[in-house]
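Here the structure is laid out as structure tokens; the discussion comes afterwards.
Read the figures in this text as sums done on the coordinates, not as results from a lab. Being a predicted model, the structure only gives us computed values, none of them experimental. As a convention, Cβ positions derive from the backbone with ideal geometry for all residues, glycine included, and neighbour counts pool all protein chains shown.
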Amino acid sequence: MRPQRQPRPKSEYDQKLIDLRRVARVVAGGRRFSFRATLVVGNRKGEVGVGLGKASDTAQSIEKAFRAARKEAIMVPLNKFKSIPHEVSAKFGSASIILKPAKAGKGLVAGGASRSVLMLAGVENASAKALSRTKNKVNNARATMDALKKLTLKRVETNK
């Protein structure tokens, strides 16, 4: 009987894949395909990050995105209602977004990529509105991150 392999330790971070695309580059002899993954990583206690990873297969691109998101993680200040302290807005590319605090019991009123970012940051009562018409999930997630960065300028130090 083979010895059992130790299970991988469970990460303290939750993750949500918000975008997975097959991208191509043209080389001599045709197209070469790779995958681009966009991942939101957070511990639901105020720490959140967004990362992009590109690789020749999906599992590798997701792993790269996870490492990039952990590296770019920020701490979000949460008040006693598990909401953001004040209204804030940001723009990234063509995406612009407004985040507003809410009282307890209101819930998280947000859509798309911004909902994933706020949820994994641990924000339970807030409202987010995408003011632009773009449906680009990557830019919407990054605009949300920029808005949260305006609340705090403290970066999370990673062990690895």
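Quick check on the chain: helices-only [θ] at 222 nm, where DSSP H runs of length 4 and up contribute -39,500 (n - 2.57) each and the sum goes over total residues. Nearest 500, please.
Numbers: 3 runs with 39 residues, N = 160.
Computed ellipticity for the chain at 222 nm equals -7500 deg cm²/dmol.
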> Which of the chymotrypsin sites (Phe, Trp or Tyr not before Pro) found in region 1-93 are loop residues per DSSP with 10 or fewer other Cβ atoms within 10 Å of their Cβ?
Replying inline: none
> Using alpha carbon coordinates only, what is the Rg to Rh ratio of region 14-74, with Rh defined as the Kirkwood radius?
Replying inline: 1.12
>> I need the trypsin sites (Lys or Arg not before Pro) found in region 3-47, filtered to DSSP loop residues with at most 14 other beta carbons within 10 Å of theirs.
In response: Arg5, Lys10, Lys45
> Is the chain rounded, prolate or oblate when judged by the Cα gyration tensor, a ≥ b ≥ c being the square roots of its eigenvalues, rounded requiring a/c under 1.5 and prolate requiring a/b larger than b/c?
Replying inline: oblate
> Roughly what would the spin-label model give for Ser11 and Phe33, points 7 Å off Cα along C-beta, in nm?
Replying inline: 2.5
>> Tell me which of Gly30, Val123, Gln6 sits at the most positive position along the dipole axis of region 6-160, charges placed on C-beta atoms (Lys, Arg +1; Asp, Glu -1).
In response: Gly30
>> Can you return the lysines within cross-link range of Lys80? Criterion is Cα-Cα under 27 Å, with same-chain partners fewer than 8 residues away left out.
In response: Lys16, Lys45, Lys100, Lys103, Lys106, Lys129, Lys149, Lys150, Lys154
> Once Lys and Arg get +1 and Asp and Glu get -1 on their Cβ, which of Leu52, Leu17, Gly42 lies farthest toward the positive end of the dipole of region 14-74?
Replying inline: Leu52
>> Show me, bin by bin at 5 Å from 0, the whole-percent P(r) of region 76-151 based on Cα pairs.
In response: 3, 20, 33, 26, 12, 5, 1
> region 1-43 to region 96-121: how many Å between their Cα centroids?
Replying inline: 26
